[in-house]
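**Q** Structure below; questions to follow.
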Amino acid sequence: MKMNIVLVEPEIPQNTGNIARTCAAIGAKLHLVHPLGFSISEKEVKRAGLDYWDKLNIEEHISFAKFLEKYKPEENNMFFVTTKGKNVYSDVNYSEMNEVFVLFGKETKGLPEETLKKYLDKTIRIPMRETLRSLNLSNSVAIVAYDIFRQCNFDGLEKISSYFD
């Protein structure tokens, strides 16, 4: 399973650093869609990602339109994470897919509404109480990404620790 985590216009450097660390741990490619709300070289991003930056595959895109032009949703297994999602993320069967793109919007606004309406059947959400707005972005990425790998029997990830052997 090839996983692509796509951050569309992320605003908070610590979230992006944490997500970069998660991507390194699971071998996912991280796509950063500009404009970013920070410089990728900011110390907060580097500190949150610790020493995992050299173990990470990052692709940057100058705009969301350019990303969608390169990786067409109609031709790829692409899922748009939003609190308004039509499907629960865990109800999708990812196990038969060779490659998956999971898109997350900026912390303050999410993904563009016109995109969500256009690809409504590909929207997914994490269930939570109605009265709350959203989860932290880095937590949301970890929840969805690890469930996708769980469905694929954690293919390519270490399953048994040899620490106590």
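**Q** Looking at the chain, what % of the alpha carbon pairs are farther apart than 20 Å?
**A** Working: 6723 of 13530 pairs.
So the pairs more than 20 Å apart make up 50 percent of the total in the chain.
**Q** Here is a further query. Short version: ³J(HN,Hα) in whole Hz for each residue of segment 151-156, in order, from phi by Karplus 6.51 cos²θ - 1.76 cosθ + 1.60 (θ = phi - 60°), x for Gly and Pro, what are they?
**A** 4, 9, 6, 6, 3, x
**Q** OK, next. Amide H neighbours of Met78 under 5 Å, at least 5 residues apart or on other chains, H built in the peptide plane: list them.
**A** Phe101
**Q** Right, here's the next one. Using Cα positions and a limit of under 14 Å, work out the aspartates and glutamates in reach of Lys106, with same-chain residues fewer than 8 apart set aside.
**A** Within the straight-line cut-off, Lys106 pairs with Glu9, Glu11.
**Q** Still on this model: For segment 66-130, list log₁₀ I(q)/I(0) at each q in 0.21, 0.24 Å⁻¹, using the Debye formula over Cα point scatterers of equal strength and ignoring solvent, two decimals each.
**A** Summing over Cα pairs of segment 66-130 leads to -0.89, -1.14.
**Q** Counting each DSSP H run of 4 or more residues in the chain as -39500 (n - 2.57), what helix-only mean residue ellipticity at 222 nm follows after dividing by all residues, to the nearest 500 deg cm²/dmol? Write out the running numbers ahead of the final one.
**A** Details: 5 runs with 49 residues, N = 165.
The helix contribution divided over the chain gives -8500 deg cm²/dmol.
**Q** Going Cα to Cα from Lys109, which lysines come in below 20 Å? Please leave out same-chain ones fewer than 8 positions away.
**A** Hits, sequence-local ones excluded: Lys66, Lys84, Lys86, Lys117, Lys118, Lys122.
**Q** Also, I was wondering about something else. Per residue of segment 22-31, in order, report the coupling 6.51 cos²θ - 1.76 cosθ + 1.60 (Karplus, θ = phi - 60°) as ³J(HN,Hα) in whole Hz, putting x for Gly and Pro.
**A** Result, rounded to whole Hz: 4, 4, 4, 5, 9, x, 7, 7, 9, 9.
**Q** What are the principal axis extents of the Cα atoms in segment 111-150, in Å, biggest first?
**A** Computed over segment 111-150, the largest-to-smallest principal extents equal 28, 27, 15 Å.
**Q** Under 5 Å between amide hydrogens, which residues at least 5 positions from Glu59 or on another chain qualify, with H placed 1.01 Å from N in the peptide plane?
**A** Excluding prolines and chain starts, which carry no amide H, the hits are Leu30, His31, Leu32.
**Q** Hey, another quick one. Could you work out the per residue convex hull volume over the alpha carbons of segment 87-165, in cubic angstrom?
**A** Numbers: hull volume 10.6 nm³, N = 79.
In segment 87-165, the Cα hull volume divided by residue count equals 135 Å³.
**Q** Still on this structure: Counting alpha carbon pairs within less than 8 Å and at least 6 residues apart, what relative contact order, in whole percent, applies to the chain? Write down the numbers at each step before the final one.
**A** Numbers: 271 pairs, mean separation 44.6, N = 165.
In percent, rounded to a whole number, it is 27.
**Q** Rounded to whole Hz and in sequence order, give me ³J(HN,Hα) for segment 80-86 from the Karplus expression 6.51 cos²θ - 1.76 cosθ + 1.60, θ = phi - 60°, writing x for Gly and Pro.
**A** Listing the rounded values in order: 10, 8, 7, 5, 9, x, 6 Hz.
**Q** Using a 10 Å cut-off around each Cβ, can you sort Met128, Met1 from fewest to most neighbouring Cβ atoms? Kindly include the intermediate steps, with their values, before the conclusion.
**A** Details: Met128 11, Met1 21.
Fewest-to-most Cβ neighbours within 10 Å comes out as Met128, Met1.
FYI, it's all coordinate maths here, none of it is from the lab. Computed from a predicted structure; not experimentally measured. Cβ coordinates were reconstructed from backbone atoms using ideal geometry, including for glycine residues, and neighbour counts include every protein chain displayed.
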